Every structure is written in structure tokens, then in C-alpha cells.
Amino acid sequence: MKMELDITKDDLPLMANTSHMLVRHYVLDLNVDLKSHVIDGTIVLFFDTDSSCRKGDSEQVEEACHSQSDGTCCIQAPEACYVPVPNASACSTKSGCNDFAVCGKGENDTSDKNGSHGNKELASGISSSKNCCDIEIHGSEDFLLVLDCCDLSVLKVEEVDVAVVPGIDKFTSSAKLMDASKDPRDLRNQIVHELVTLPADHWKEQLQFYRLCSQAPACGELLFVTGTWSLEIRKAGVQLPKDFPHAIRIYYKTKPEGKSLSWTTDQCDRPCVYTAGSPINNRALFPCQEPPVAMSTWQATVRADACFVVLMSGENVAEPTESEEGVLNWFYYVTMPMPASTFTIAAGCWAEVKRKTCATDVQRNDGLFPLLSKADVRLLEQTCGHLPYPCRFQDPAATSQVVIPHRVFAPQCLKKSCEEVLLQLIPQCLSAAYDLLGTHPFPRLDVLIVPPNFSSLGMASPHIIFMSQSTLSGGSHLCGTRLCHEIAHAWFGLAIGARDWTEEWLSEGFATHLEDAFWSAAQQLSSDEAKEQQDLKAVLRWQRLRDEVQNSEGDLQVLRPKKENTGKASESGAAVIKHGLNAEKVFMQVHYLKGYFLLRSFAGKAGEAAYFAFLKKFVRAFHGQLILSQDFLHLLLSDIPQLKRYGLSVENIFQKWLDCTGIPKPLLEESQAWQDCRLAQQVNEELSPDQLVLLLECLLEKKTLCSKTLECLQKTYHLREQDAEVRHRWCELVIKHKYTAGYVDIEKFLKEDQAMGVYLYGELMVNEDAKQQEIARKSFATTRDQMDASSAKVVAEMLF
Ligand SMILES: [Zn+2]
Ligand SMILES: [Zn+2]
């Protein structure tokens with residue numbers, strides 16, 4: 001009983017039935033009210049039921065296909081893929097298999113029926129998808145569209161009549177809609193299908209029609225019910241996803257207590273709100289399909305009072321327009337499909353931090369176009385593996401852009417430190433990242449200094465990085481390393497996502513490993529310096545890893561907790577994220593650290609140059625897609641065959657690194673090498689007496705030192721056993737700070753080190769402290785007879 005309660009508390013459910021309908025685009029139209037802490041408005045979701053264009057499932061497809069030993073898959077696949085008549089060309093044959101694989105699950109139950117009816121319609125494939133869905137939603141019940149959603153007040157859900165949008169007839173005429181046009185329901189869904197599958201070079205037109213469609217009138221309300229984790233929508237009498245409205249509008253409001261947003265005040269005490277990077281992601285911001293397979297694009301119009309700046313995951317720099325007096329409209333969009341969880345918004349009274357240097361400097365930075373090498377040109381000629389979208393990897397201007405345009409926003413009171421630290425670092429870190437990984441996946445970047453309640457040092461989202469104010473002080477080291485980490489997420493975590501969220505190491509392990517490489521490059525370190533610095537980091541992370549492994553549950557230490565079931569969801573697409581709501585896990589770094597050490601081990605074995613050349617290749621192959629661990633490991637081992645000489649295989653990497661608790665065995669063996677690194681050794685090395693004297697003299701200049709510090713100092717450097725020069729400085733510190741526990745050291749010194757003790761008598765008297773003066777007099781009384789005459793005379797003058 002107790003066990004069950006724990007599970008519900010700990011695990012994060014993903015309710016959306018993405019296997020039935022897949023959202024392709026969101027249009028948000030929202031008002032942000034910073035007084036009442038509510039965002040309200042509408043969201044229009046555009047769906048597709050044509051699963052054959054889903055790239056994310058390719059792995060499962062292959063498995064399903066291979067399991068068909070008689071090869072029927074390959075013969076039947078094209079038939080099954082015939083469903084989406086107007087757009088068949090957009091589906092690759094490989095993903096076409098997918099359609100079959102999905103339907104194939106119900107094959108045994110239905111083939112008999114199909115066969116006996118001998119229905120000619122079957123050839124079109126329509127019934128095959130019907131059969132498939134029939135099985136999945138249990139006969140005659142209405143189809144339920146399930147969206148992930150929590151803490152939202154849903155006011156109304158309606159079907160959008162996209163057929164009445166002016167100009168939309170171009171889609172209806174281009175489509176072969178002989179039958180569809182007779183039934184308005186089919187016509188509307190066909191229009192949405194045409195719209196979501198427009199070729200990538202029509203993205204502008206697509207965005208515009210998404211907007212127009214989102215504003216079209218309703219053609220009927222839909223029934224809905226909200227639960228703790230979901231919003232369920234149905235239309236009476238509609239039993240199949242393909243007949244369910246493909247464009248729906250939801251009127252809703254967020255709740256102030258919803259966990260997706262943090263309503264707070266900034267460092268200048270002005271109200272603001274931002275997406276907090278919560279484990280529930282954006283579910284308390286808008287109803288969505290949360291599983292990463294639901295990769296979608298979005299556009300959003302957000303209204304806020306004119307004193308606020310609205311920043312968002314959008315590839316455009318929004319130019320605010322005034323909609324009514326005192327209210328500004330901000331419009332952002334993305335054309336690259338990404339999981340809804342990556343959508344980020346922030347609104348507050350932030351100011352842009354600008355460079356003081358002349359504009360030409362900035363332009364030179366932003367528009368640095370090196371000549372393309374032959375290898376680069378060859379790369380450009382390769383096609384991308386993702387769903388079509390206007391991809392930067394195919395655009396010569398984008399692929400040669402060393403530093404992407406970027407802006408920094410901060411509260412007024414932090415502008416100065418942003419200007420001094422952060423703003424200088426961004427171009428250096430961006431160009432270091434470009435040198436190592438190539439094309440920046442996103443065309444621009446905003447960096448925002450978030451309010452003090454932000455619970456981490458940084459967070460990366462498409463086109464926007466949140467940084468904590470804590471990175472701004474104490475020089476550039478923390479700011480630079482953190483910035484590098486977040487920049488690395490543009491490739492690993494955003495452009496290449498984990499298909500299964502439990503494989504967190506695929507983003508965090510990579511970002512942690514790349515952070516070091518980027519930062520070394522940004523500082524233009526020599527390879528020796530870089531190695532030293534990176535080894536020192538390894539020592540620190542090793543300590544942290546050992547500590548966490550000792551103090552956490554074994555379960556939470558496994559990088560691939562679902563093992564061979566990783567990436568698998570239920571038939572409807574719903575899933576559970578193990579430990580997704582575990583509060584302890586939020587503060588754990590095991591996944592970062594073990595992942596980092598695994599990648600570090602690869603780079604060490606392959607050699608940095610070969611490893612990074614491979615990584616570039618990997619990015620070319622997988623950007624815009626979701627991956628599992630094996631996608632990376634297979635390509636790595638085939639691209640750098642020498643790794644196999646170390647006995648590495650996908651299976652033993654799973655076994656020894658990814659599927660085990662505790663510290664991976666190979667890591668235990670490797671750890672010795674960098675633990676002996678020079679920079680780490682230096683810390684443990686004893687200081688020479690002169691170094692100690694220098695240290696103590698530096699400390700003597702401090703106005704205050706508490707007794708705890710003095711005690712640590714004495715114990716750490718064994719000051720009582722040091723030579724007289726060192727002990728003399730120690731006694732001075734004791735006197736200056738009236739450290740009574742050290743008075744015995746003074747008495748001893750005055751007795752045993754008379755050659756140097758005269759000066760200390762003066763110190764003891766100067767403070768006009770009764771106790772110290774007593775020590776002086778007492779010591780002098782016991783030693784004056786042995787003292788040489790002139791010393792005794794000098795001391796006597798000081799004392800009396
Ligand atoms: Zn691409
Ligand atoms: Zn990270």
C-alpha cells in the first residue's frame with residue numbers, strides 16, 4: 001500500500017495518446033497579467049493522424065520489421081502507407097514502414113476479417129488504419145483525445161472551421177479531395193493535413209495560414225473533462241482519430257499556483273514571470289502533448305503591459321506592437337519541430353545590455369564568415385535525417401556563421417556586471433562551440449539573468465538561455481563554464497533530444513563534457529594547459545560522484561533505468577517517467593557525472609581530434625531528431641573502430657556504464673590517472689616555510705579573522721611544528737585577533753625563541769588588552785634573568 005503511494009508521488013505520468021494523433025503546431029494567443037499572476041487566452045492545436053511521417057519511432061519500426069522473418073513487412077509496407085494519398089511523396093520508404101508496423105500490431109485480429117469480406121476499399125489502406133485504431137480504443141466508444149495538462153482552468157474547447165479561412169481554397173484545390181469535399185468534416189481535416197505537411201520552403205505561408213486558421217470561427221463545441229494530469233476531449237459519435245477534428249481551440253487560464261511558471265520579483269523588486277524548468281515542464285502553462293515524440297512547431301502572440309519585455313523561444317526577434325493603449329503585443333515563432341517541453345517564456349521589466357564598443361566590432365563578430373573547406377561543402381550536400389523544416393545545416397550562410405546574433409537582458413541593477421562579465425564571454429564561447437561542433441543549430445540567442453529564486457545556475461531552451469545572477473560575480477570562470485554548458489545544450493538536449501526522458505545523460509553528460517572543451521577553447525589555452533584544467537575538473541567531479549553514489553538510492557544512479565524498454569511507450573503513447581517527480585533527484589548530478597566520465601573516456605581513447613570530428617558527424621546525422629543511447633554508441637563504434645580494440649561494444653557499455661548502479665568499474669580503473677594531475681597535487685602539496693610566511697603575512701593584513709578560521713589555519717598547516725619565522729607570524733595573528741586558544745603559543749615562543757621574541761612584547765602591549773599585557777609581564781618575569789642585558793632593557797621599557 002505504502003509502496004503504491006510512493007510510486008504515484010515519485011513518477012511523472014505522460015498521458016497524451018500520441019500514437020493516435022500527433023500535434024504538429026501550436027498557436028498561442030495569450031495575455032500575461034503580472035498583477036493577478038494569471039496567463040489567459042487560447043491555444044489552437046493542429047494535429048496529424050498520419051503516423052507514417054513520424055521520425056521518432058524509426059527504431060521501433062526497424063525492430064518490428066526485423067521480427068518479420070518472412071519479409072512480409074517490406075512487401076506490405078507501401079500498401080499500408082498508401083493512406084495519405086495527397087502527400088505520399090513526403091514519406092520516406094523507411095518511415096513508410098512505420099505505418100505498417102503500427103497497424104501490424106492488430107494484424108492477427110483483423111486479417112481474417114479483411115480477407116473474408118474481400119472489400120476492395122482495403123487497397124486504399126484506409127481500413128487498415130481503421131482496424132488498427134478500432135483495436136486500440138475498444139470498439140464503439142468515442143475516441144478520446146488526451147492532452148497533458150495540470151493546474152489549468154479550461155473554459156471551452158471547440159472545433160475550428162478552417163474551411164472558411166479566406167484563401168484556404170488553394171489547399172482544397174491542390175488536394176485530390178473528390179470524396180473529402182463532400183463531407184465538411186473530412187474537408188477540414190484534409191485542409192489541416194495539407195497545411196501541416198507543406199514543404200519546408202513554404203514555411204512563411206504555413207505560418208501565416210496557421211495564424212489565419214487559428215482565428216477562424218468555431219464549428220461546434222467539444223466535450224472535455226480535466227483530471228490531475230490530463231485534459232480529455234471527445235466529440236460525440238466520433239470513434240476514430242482520423243475523424244476527430246484536426247484543429248481545435250482551447251480557451252483556458254493558468255492558475256497562480258501552477259508549477260510551470262514562477263511569478264516573482266526581480267533583483268530590482270519589479271514583478272516578473274518565467275517558465276521555471278519544473279519537472280512538469282509546460283503542462284501548467286498550456287495543454288500539450290508532452291512526450292518528446294510529439295515534436296511540433298509553435299507561434300505565439302503574447303500581450304503584456306508596455307513596461308514589460310516578453311522573451312520567448314522564437315527564432316525571430318520580436319518587434320512589439322501596440323494593440324491597445326499601454327499594452328504591447330509580442331509575436332514569436334519557430335519553424336524547427338521540437339518537444340513542447342522546450343518552449344520557454346519570460347516577461348519582466350528587463351533591459352537589454354548593450355556593448356559599449358563601436359557597432360562595427362559587433363558586426364564583425366556576428367557576421368564572421370570563414371571560407372568553407374572542401375569537407376564542409378561535402379557535408380552540406382548531405383541530406384538531413386529529420387522531418388523537413390528550413391534547416392540551418394543546409395544553409396551555407398548559416399553553416400559558416402561562427403557567432404550567432406545574441407542579446408543579453410537583465411534587471412537594471414545588474415546591467416553593469418553583465419556588461420563586464422557576461423557580454424564579453426558570449427562571442428568567445430559561441431565561437432569555441434562552433435570550432436568544435438560546427439553549425440549552430442539555432443539562428444539567435446537571448447541570455448536572460450533570471451530572478452534570485454531561480455533554482456539552478458543556468459537553463460537552456462531554444463533561442464534563450466537563463467543564467468543565474470550567481471554567475472556574474474568573482475571573475476569570469478563560473479560564468480564562462482556555465483555559459484559553455486548551456487550553449488552545448490543547443491546541440492545536445494535541444495537539436496538532438498533524448499527520445500526517452502529517463503536517458504538524461506544524453507543531454508547532461510554531453511553538456512558537462514563539452515563545457516570543459518568549449519571553455520578551454522574560449523580561453524585559447526594551449527593543449528597542455530587545457531589538459532591540466534580539464535583533469536582538475538575531473539578530480540572535482542570524481543569527488544562529487546563518489547559522494548553522491550554513497551549517499552543516494554541505487555535506483556537513482558542508473559543512467560538507463562528502463563534498460564531494454566527504454567524508448568518504449570504504451571500502445572496509446574502514454575508513459576510514465578520513473579522518478580520524474582522525485583525531489584531528491586532534482587539535486588542529484590549522478591547522470592551528469594557518469595555520462596561525462598563515459599564521454600571523457602571515449603575522447604581519451606579515441607584522441608580529442610578524432611572524437612570531436614566524430615561528434616560533428618554525429619550532429620549532422622541526428623540533429624532535429626530524438627535519439628536513444630544506442631544511436632550514439634553504434635555510430636561512435638563504427639566511426640572510430642579503434643575503440644573496439646579496448647573491448648568496447650554497445651552491450652558492454654550498457655552493462656558496465658549505463659545500466660549499473662554505483663561507480664562504473666572501468667571508471668574506477670581510469671580514475672587514478674587524473675587524480676594525480678599537477679593542479680590537484682598542488683593543493684595537497686605542503687607549502688614551503690617561505691610560502692607559509694607569505695601566506696600568514698597576507699592574512700595579517702586582514703582586519704578580522706574569526707577564531708574558527710585561526711583554528712583551521714593552525715591545524716591545516718601544523719603551525720605549531722613550523723620554524724620560528726612561521727610561528728612568529730602565527731603569534732602575531734594570535735595577538736592581533738585576541739585568539740585566546742593561541743596564547744600558550746605566545747608564552748612558549750617568548751620562552752624558547754628569545755632570539756626573535758622582543759618584538760612580540762611590543763605587540764602584546766600595544767593592544768592595551770589586560771590579558772595580553774599579563775602574558776607579557778609574566779613571560780618577562782620568568783625570562784628576564786637569562787636575557788641578554790640590552791634585550792632586557794628594551795623589553796623593560798616597553799612593559800613599564
Ligand atoms: Zn537538417
Ligand atoms: Zn545541463
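The values are calculated or read from the model by the stated rules, or taken from the named source; none is laboratory data. This is a predicted model, so every value here is computed, not measured. Backbone-built Cβ (ideal geometry, glycine too); neighbour counts: all protein chains shown.
Laid out as a table, the results:
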| item | result |
| --- | --- |
| Search result, residues across the stretch 563-595 that are at pLDDT 85 or above and buried (at least 18 other Cβ atoms within 10 Å of the Cβ) | 566, 590, 591, 592, 593, 594, 595 |
| Given (1) surrounded by fewer than 22 Cβ atoms within 10 Å (Cβ to Cβ); (2) more than 30 Å from residue 217 (Cβ to Cβ); (3) in contact (Cβ under 8 Å) with a residue 24 or more places away in the chain, index of the condition residue 274 fails | (1) |
| Pair list, Cβ under 6 Å, 6 or more apart: the stretch 610-632 residue without any contact (Cβ under 8 Å) to a residue 60 or more places away in the chain, other residue of a type in the set (D, E, K, R) | 614/639 |
| Residue 567 being touching a residue at least 40 places away in the same chain (Cβ under 8 Å), under 22 Å from residue 508 (Cβ atoms) and in contact with a strand residue (DSSP E or B) (Cβ under 7 Å, 6 or more places away or on another chain) | no |
| From 553, 548, residue being within 30 Å of residue 677 (Cα to Cα) and either surrounded by 19 or more Cβ atoms within 10 Å (Cβ to Cβ) or more than 14 Å from ligand 2 (Cβ to nearest atom) (or both) | 548 |
| Segments classed as helices (runs of 4 or more DSSP H), wholly inside the stretch 658-777, with at least 3 members that are outside the structural domain of residue 553 (by TED's automatic domain parsing) and of a type outside the set (S, T, N, Q) | 689-700, 707-716, 724-736, 743-752, 754-766 |
| Members of the stretch 9-38 that are outside any strand (DSSP E or B), crowded, with 23+ Cβ neighbours inside 10 Å and not polar (S, T, N, Q) | 15, 16, 20, 21 |
| Considering residues of the stretch 587-609 that are outside any helix (DSSP H, G or I) and touching a residue at least 24 places away in the same chain (Cβ under 8 Å) only, the residue farthest from ligand 2 (Cβ to nearest atom) | 588 |
| Check on residue 511, within 12 Å of ligand 2 (Cβ to nearest atom), aliphatic (A, V, I, L, M) and assigned to a helix (DSSP H, G or I) | yes |
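Yes/no matrix, rows are residues, columns are (1) more than 15 Å from ligand 2 (Cβ to nearest atom); (2) at pLDDT below 95:
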position	(1), (2)
440	yes, no
455	no, yes
463	yes, no
467	no, no
471	no, yes
474	yes, yes
486	no, no
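Okay, residues lined up against (1) without any contact (Cβ under 8 Å) to a residue 12 or more places away in the chain; (2) closer than 30 Å to residue 565 by Cα; (3) away from ligand 1 (no atom under 16 Å from the Cβ):
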{"site": "447", "(1), (2), (3)": "no, no, yes"}
{"site": "450", "(1), (2), (3)": "no, no, yes"}
{"site": "462", "(1), (2), (3)": "no, yes, no"}
{"site": "480", "(1), (2), (3)": "no, no, yes"}
{"site": "487", "(1), (2), (3)": "no, no, yes"}
{"site": "490", "(1), (2), (3)": "no, yes, no"}
{"site": "513", "(1), (2), (3)": "no, yes, yes"}
{"site": "521", "(1), (2), (3)": "no, no, yes"}
